[in-house]
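The values are calculated or read from the model by the stated rules, or taken from the named source; none is laboratory data. Keep in mind that this is a model prediction, so the values were computed, not measured. Positions of Cβ are generated from backbone atoms using ideal geometry, with glycine treated the same way; all protein chains shown enter the neighbour counts. Note: areas computed on protein heavy atoms with side chains; ligands, DNA, RNA excluded. Shrake-Rupley method; radii C 1.70, N 1.55, O 1.52, S 1.80 Å.
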Protein chains: 2
Amino acid sequence: MSKQGLIGAVEAGGTKFVLALATQDGEILARTRMPTQTPVETWPAMQAFFEQAAAEHGPIAAFGVASFGPIDIDPASAAYGTFTTTPKPGWSGARFHDVLAGFDAPIKVDTDVNGAAIGEWMAGAGQGCRTVAYTTIGTGIGTGVVRDGRSLMGISHFESGHIMPPRDAARDPFAGICPYHGDCLEGLACGPAIERRWGTSLDKLGPTETGIVADYIAHLASTLVLLHMPDRLIFGGGVMKAPGLVEMVRKATAAKLNGYVQHPRLDEGLEGYIVTPGLGDDAGITGAIELGRQALAAR
Amino acid sequence: MSKQGLIGAVEAGGTKFVLALATQDGEILARTRMPTQTPVETWPAMQAFFEQAAAEHGPIAAFGVASFGPIDIDPASAAYGTFTTTPKPGWSGARFHDVLAGFDAPIKVDTDVNGAAIGEWMAGAGQGCRTVAYTTIGTGIGTGVVRDGRSLMGISHFESGHIMPPRDAARDPFAGICPYHGDCLEGLACGPAIERRWGTSLDKLGPTETGIVADYIAHLASTLVLLHMPDRLIFGGGVMKAPGLVEMVRKATAAKLNGYVQHPRLDEGLEGYIVTPGLGDDAGITGAIELGRQALAAR
């Protein structure tokens, strides 16, 4: 494939940026990572990387950005690509276009979790699906829903971490840590909630604690089924690495749905329906490349 | 406007069919209603209406159907437009195309609630919105989510009635009536659940009962916000006619979200955000006309 129409891809995380220059069929020609500082440091470093990569490999035809937030991801908005009210020092009001517009190429910006969802849809555990819901259970909880390769949104990106699961106080009396909702899903099942409640991470705890967390995650899984009807649910993030968790999530989700949704996709035991990611750490940058491709196609 | 390109519209309900012949800009030229019997009676009556209307006003260029279910609404499916496992005698396996294909016009089939959502988006309380969630709280509970005039779906239409709300057994010990889930939203808050629990309909009960039901509906409202981020939520159906209910749903939804979602659409008190339908009984047939228009545009 010609090097014409190269894609600049940005995976912007809270702790690190991954930058890549790739061909349209996904071959990565140059790649780097750098710590997330403030825009004063990060913007010039990002600009320098893409300028050098373009000088070496050819002009950049489009950019795809999968970023931490909160960030405006509505292409129709005047503030598209701008960080909104993030507590991260220096980032509120910063805009990807401030740096990337100089390359005179279309830019598509989405959230990090939507980017990972798009990456998994394209090259990971969501291949062959029309609708994929990718959820990360880590420092926070978020879900990206992708339909035919495009992330869904309304007036904003989704906020699945804040749905309210039914509680059984006898089983789990913990009040939750969400500053807005206390015992919403994120308040009960994200990594920091687990640490606060039991003093360590879930992979060091037993089946009782894992079962409690699995039940909350299964509440999200069953709710996603009923409100999005995905072909497949992917659950990633640090918490999901706890031994036995995904199996317990499958079992609890099946119990909650109780046979109501009948479809060949929901196989016996949900082993093919509720899965872990296929790309690991590469989901974000893979999704960012696809976002760049979409920016190019839309031009 | 010319009468060329007329739309045949079908609102197929569990108790009645409404049929209309309309121009593409929505002027209704002929209209009838008939009781829902079995396809043996209903199909020939439907065919006769459209044949006569076409003879009088001109050929039908496309059909739009908003129907009770369960029904296959996936245009890519071989069984598109076919009733699946409905307990309604005679309807399992019946297909709209069996009758309408004779007119040699494209056919778009969607669910009744999606049809009403599309109607409200086009000409009712959802005008000017990009994403609208329309929920009916009646004999059952269902939600249609419309984005830019098209209903969203995954491997099937959504099933919002079966999400599980948190319970307070001290406030409401009722076990629920859903044969699959017991105390899912529909099991607790649909019309028959209210009748079973309190012996009458919600409009004849007091603020205590209305508050209990409002809290369950607000669980759906807040979950829809977090998982679809609509511009507006519309709640219709018989139960929603209970005095004070929509006001209580607004208040309970605001309490659940607790300021987490900041957007101008979510106005103070949610008066412009959570609303009742604008079209009343005409939402379904209005949506069916729009579905016909979409069938025509896709051809």
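Per-residue answers, yes or no, for (1) under 22 Å from residue B:269 (Cα atoms); (2) outside the structural domain of residue B:65 (by TED's automatic domain parsing); (3) in contact (Cβ under 8 Å) with a residue 40 or more places away in the chain:
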residue	(1), (2), (3)
B:147	no, yes, no
B:162	no, yes, no
B:167	no, yes, no
B:190	no, yes, yes
B:214	yes, yes, no
B:231	yes, yes, yes
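Which fully enclosed helices (runs of 4 or more DSSP H) of the range B:141-259 have 3 or more residues being open to solvent by less than 10 Å² (accessible area, probe 1.4 Å) and more than 14 Å from chain A (Cβ to nearest Cβ)?
Counting at least 3 such residues, we get B:207-228.
Among the residues of the range A:75-88, is there at least one that is of a type in the set (A, V, I, L, M, F, W, C), within 22 Å of residue A:24 (Cβ to Cβ) and in contact with a strand residue (DSSP E or B) (Cβ under 7 Å, 6 or more places away or on another chain)? It would help to see each step written out before you state the result.
From the range A:75-88, those of a type in the set (A, V, I, L, M, F, W, C) are A:76, A:78-79, A:83; that's our starting set.
Restricting the remaining residues to those that are within 22 Å of residue A:24 (Cβ to Cβ) gives none.
No, the range A:75-88 contains no residue that is of a type in the set (A, V, I, L, M, F, W, C), within 22 Å of residue A:24 (Cβ to Cβ) and in contact with a strand residue (DSSP E or B) (Cβ under 7 Å, 6 or more places away or on another chain).
Please determine, by comparing only the residues of the range A:260-294 that are of a type in the set (Asp, Glu) and closer than 28 Å to residue A:110 by Cα, which one is nearest to the other protein chains (Cβ to nearest Cβ).
So the first thing to find is which residues in the range A:260-294 are of a type in the set (Asp, Glu), and the list is A:267-268, A:271, A:281-282, A:290.
Next cut, closer than 28 Å to residue A:110 by Cα only: A:281-282, A:290.
Values: A:281: 27, A:282: 26, A:290: 20 Å.
Among residues in the range A:260-294 that are of a type in the set (Asp, Glu) and closer than 28 Å to residue A:110 by Cα, the one nearest to the other protein chains (Cβ to nearest Cβ) is A:290.
Test residue B:244 against the stated conditions and say whether it is farther than 20 Å from residue B:127 by Cα, out of contact with any Pro (no Cβ under 6 Å at 6 or more places or on another chain), modelled with pLDDT of 95 or more and of a type in the set (Gly, Ala, Ser).
Against the criterion (farther than 20 Å from residue B:127 by Cα, out of contact with any Pro (no Cβ under 6 Å at 6 or more places or on another chain), modelled with pLDDT of 95 or more and of a type in the set (Gly, Ala, Ser)), residue B:244 qualifies.
Residue by residue, here is whether (1) more than 27 Å from residue B:45 (Cα to Cα); (2) open to solvent by 30 Å² or more (accessible area, probe 1.4 Å); (3) in contact (Cβ under 8 Å) with a residue 24 or more places away in the chain; (4) in contact with a Gly (Cβ under 6 Å, 6 or more places away or on another chain) holds:
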position: B:69; (1), (2), (3), (4): no, yes, yes, no
position: B:75; (1), (2), (3), (4): no, yes, yes, no
position: B:87; (1), (2), (3), (4): no, yes, no, no
position: B:130; (1), (2), (3), (4): yes, yes, yes, no
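Would you confirm whether any residue within the range A:95-117 is more than 11 Å from chain B (Cβ to nearest Cβ), open to solvent by less than 50 Å² (accessible area, probe 1.4 Å) and closer than 24 Å to residue B:165 by Cα?
No; the residues of the range A:95-117 include none that is more than 11 Å from chain B (Cβ to nearest Cβ), open to solvent by less than 50 Å² (accessible area, probe 1.4 Å) and closer than 24 Å to residue B:165 by Cα.
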